[in-house]
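Read through the structure below, which is laid out as structure tokens, and then see the notes.
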Amino acid sequence: MKVTLQNLTKKFPNRNKKVKGDVIAVDDVSLEIPDGTLVGLLGPSGCGKSTTLNLLSGLLQPTEGKIFFGDDDVTRLPPEHRGVGLVFQNYALYPHRTVMGNICFPLENLKGEQKLTKQQMQEKALEVAKLVQIDGLMERKPNELSGGQQQRVAIARALVKMPRLLLLDEPLSNLDARLRLQTREEIRRIQRSTGITTIFVTHDQEEAMSISDLIIVMKDGAIHQVGKPQEIYDDPIDLFVATFLGTPPIHVFDANVKGEKLYIGGKAVLDVPGVADQDITAAIRPEGFELDENGAFEAELDRVEVMGRDVSVVCRHENCQADAIRAIIPSDAQVDTAKATVRFDLKPGKVYLFHKETGKRIRVEG
Ligand code: ATP
């Protein structure tokens, strides 16, 4: 099912007397989510991710704007009639019920024609339990399950009514690193096999990048960019998006452009055709450095860290806004660690320019 948000705004009353005006948690968001996609809603704490999810589920009513499921305007529809499955960070399972009892729970409230017999409920529960691979644990209580298994029960419970839309709010944050990896693959697999349009909220960019068809990057209640993970990584619309995606993060420099050349620390490091003379913020991805003893970009060499396939050249530059630069280069490149400095060529496709004040991207021609 396609989901459309139309000029959606959510304001909360501000209880802080010193600050005037409402808290704008979601600020005029318009967006179309294609049917069957897995969407990662990504942004820093407080950017409005959970509020957006709660507006979609119907737990919150928008101050302005509309929500459509397919062609239906569901803005005023109560949550129980929206056909939405919800999974929260704390799995919120019923401790005294078995796995079977927990998964059956949403089916017990069905009324009229939809009402099911106990056997029908259990058959449906078993079906989704198989999908999330917990069908061998149906008689256990939640405290007899691992965190990952509990999360699967929560997902099965959200799926049992075959929702039109599945919403996951930080579903992996209570899991340890290994389980997080495994469970995120699971979410991808379950989403593929059910084809249910799914939105999952995370503040972890790597998590969002790894499994999403589409990523929505939010900040301060507004959407900064929507796109496929690789597209957003390769072509960030502004400095916020550029710095939010990528590990190690992009390196940001105070720089300037003069005569269509980019200067960092007084040295011309790259041709930037079509860019007017100005002070600028330049950002370079860690893989944007190419070792070259005659390279135009020179930095103070600190150390080389071996990472297996690649090495990380840790160096410093006075114009870099971070303490250290991590240039990721192939492990067969020879860095002369006896030298005080290291030189690189910059790969044009990995260097981005941003307006110094607004942070908006400045495009280089060609
Ligand atoms: P996190 O990742 O920390 O959960 P989030 O991106 O999900 O953050 P929201 O929970 O959507 O952010 O909150 C967005 C903004 O709205 C925040 O500034 C928050 O303080 C504010 N907010 C959320 N709920 C309320 C409320 N009931 N009353 C007042 N302000 C609220």
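The values are calculated or read from the model by the stated rules, or taken from the named source; none is laboratory data. None of these values were measured; they are calculated from a predicted model. Heads up, the Cβs are rebuilt from the backbone with ideal geometry, glycines too, and the neighbour counts pull from every protein chain shown. With ligands, DNA and RNA removed, areas are computed over all heavy atoms of the protein, side chains included. Shrake-Rupley method; radii C 1.70, N 1.55, O 1.52, S 1.80 Å.
What to note about this one:
- The phi torsions of segment 209-219, fed into the Karplus equation with coefficients 6.51, -1.76 and 1.60 and a -60° offset, translate into couplings of 5, 6, 10, 7, 6, 9, 10, 10, 9, 10, 8 Hz, rounded to whole numbers, with Gly and Pro shown as x.
- Multiplying the residue separation of Leu116 and Asp345 by 0.36 nm and subtracting their alpha-carbon distance yields 75.7 nm.
- Whole-percent carbon and sulfur share, accessible surface of segment 3-244, 1.4 Å: 49
- Relative contact order (%) - criterion: Cα under 8 Å, at least six apart; region: segment 1-160: 21
- The HN-Hα couplings worked out from phi for segment 352-361 by the Karplus form 6.51 cos²θ - 1.76 cosθ + 1.60 (θ = phi - 60°) are 10, 10, 10, 4, 4, 8, 8, x, 6, 5 Hz, whole numbers, x standing for Gly and Pro.
- A simple spin-label model places pseudo-atoms 7 Å from Cα toward Cβ; at Gln182 and Ala322 they are separated by 3.1 nm.
- Contour minus Cα-Cα distance for Ala276 and Arg140 (0.36 nm per residue): 42.3 nm
- Residues Asp234 and Glu108, FRET efficiency given R0 of 51 Å [Cβ-Cβ distance, rounded to 0.05]: 0.60
- Considering only beta bridges that DSSP places wholly inside the chain, some 75 percent are antiparallel.
- Residue-level accessible surface for Leu116, protein heavy atoms, 1.4 Å, Å²: 40
- Taking amide H as placed 1.01 Å from N in the peptide plane, His251 has its amide H under 5 Å from the amide H of Ile284, Arg285, each at least 5 places away in sequence or on another chain.
- As a length-normalised measure over Cα pairs under 8 Å and 6 or more apart, the relative contact order of the chain settles at 15 percent.
- Projected-area average for the chain over all orientations - Cα convex hull basis, square nanometres: 23.3
- Cα-centred dipole magnitude for the chain, charges only on beta-carbon of K, R (+1) and D, E (-1), debye, nearest 20: 1680
- Annotation: amide H-H contacts under 5 Å for Leu270 (H modelled 1.01 Å from N, sequence separation of 5 or more, or interchain): Leu262.
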